[in-house]
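What follows is a short report on a single structure.
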Amino acid sequence: MTSLHATIARNLARIRERIADAALRSGRRPVEITLVGVTKYVTPDVIRELIVAGCRDLGEARPQQLWDRAEHIAAEPLVRPSSANPTDAIDSAVRWHLIGHLQRNKIRRTLPCLHLLHSADSQRLIEACGAEAIALGRTLPVLLEVNISGDAAKHGFRPEELPGLIETLGAIRGVDIRGLMAMSGLASDAEQTRREFAAVRDLRDRLQAQSPPGIQLRELSMGMSGDFEIAIEEGATLVRVGSALFEGLHP
Ligand SMILES: *Cc1c(COP(=O)(O)O)cnc(C)c1O
């Protein structure tokens, strides 16, 4: 066992424990929460260790980095570290999540590797994704990104515009709107963060009540290394954790 492998495996186990504790504290089941390992900070060999350790949902913030890494990882089979037998390969099927802004001219390259788009932030983008998904013969699952903190630098729909838009967005073919994604404000303390995540959940509940039949807003993607436990207590079903997974690595 290399120390890189041991460090990643230990970090992953700790995060999973903290996820389970936060779920149980709030009367939820740990299996309701999916950990998306955010790999934007690390190199492909570190990403491989994360996959070997059992994390199959991976997130990237930049479309180009997502394609590059998805190709890189798919090209080389993974082998269990304890095994000298090359047939003891690990199923390396990774579900790639895009968590940052998608430019419309990058949709075509991105969609074939994409499991879930967390950052659907405009009607035009969603329409263009739907058209491309139809051309590929699939339906793309998406989350609507909400700018809950109002930070000017953040992408996303304004919370107050979504109730008037949900019916239109829900009618766009080729995409399946599964829920909402949000980030806490850059300057928010723990209590403010909790209020922001609770506001996202309330918004989801209101949108669900007025959504056309067939739209199920089950997912809430919220929480990062610094606030994923608060997010779980407020209803997150997907947490996007990067730096906490890679603590103690000396590249
Ligand atoms: C980088 C990033 C994360 C992970 O952040 P950490 O604080 O390192 O866990 C989560 N979500 C988005 C949108 C990101 O860009």
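The values are calculated or read from the model by the stated rules, or taken from the named source; none is laboratory data. Predicted model only: the values in this text are computed from it and were never measured. Neighbour counts are summed over all protein chains in view; Cβ atoms, including those assigned to glycine, are modelled from backbone coordinates with ideal geometry. Just the protein is used for accessible areas: all its heavy atoms, side chains included, with ligands, DNA and RNA removed. Shrake-Rupley method; radii C 1.70, N 1.55, O 1.52, S 1.80 Å.
At 222 nm, what value in deg cm²/dmol follows for the chain if DSSP H runs of at least 4 each add -39500 (n - 2.57) and the sum is divided by all its residues, to the nearest 500? Don't skip to the answer; put the middle values down first.
Numbers: 8 runs with 98 residues, N = 251.
Rounded to the nearest 500, the figure is -12000 deg cm²/dmol.
For region 195-209, 3J(HN,Hα) computed residue by residue from phi via the Karplus equation (6.51, -1.76, 1.60; θ = phi - 60°) reads 4, 5, 5, 5, 5, 5, 5, 4, 4, 4, 4, 5, 5, 4, 5 Hz, glycine and proline entered as x. Mean projected area of the convex hull spanned by the Cα atoms of the chain, taken over all viewing directions: 14.1 nm².
Each label was represented as a point 7 Å from its Cα along the Cα-to-Cβ direction; for residue 206 and residue 14 these points are 3.9 nm apart. Peptides 171-181, 19-29, 188-198 ranked from most to least packed by the mean count of surrounding Cβ atoms within 10 Å: 171-181, 188-198, 19-29.
How large is Rg over Rh for region 123-192, taking Rg from the Cα atoms and Rh as the Kirkwood inverse mean of 1/r across Cα pairs?
Details: Rg = 14.1 Å, Rh = 13.3 Å.
Taking Rh as the inverse mean 1/r over Cα pairs, Rg/Rh reads 1.06.
Candidates 44, 188, 129 compared by Cα position along the dipole of the chain: farthest toward the positive end lies 129, with charges placed on Cβ.
Accessible area per residue (1.4 Å probe, heavy atoms of protein chains only) ranks 60, 32, 76 as 76, 32, 60, with the largest value leading.
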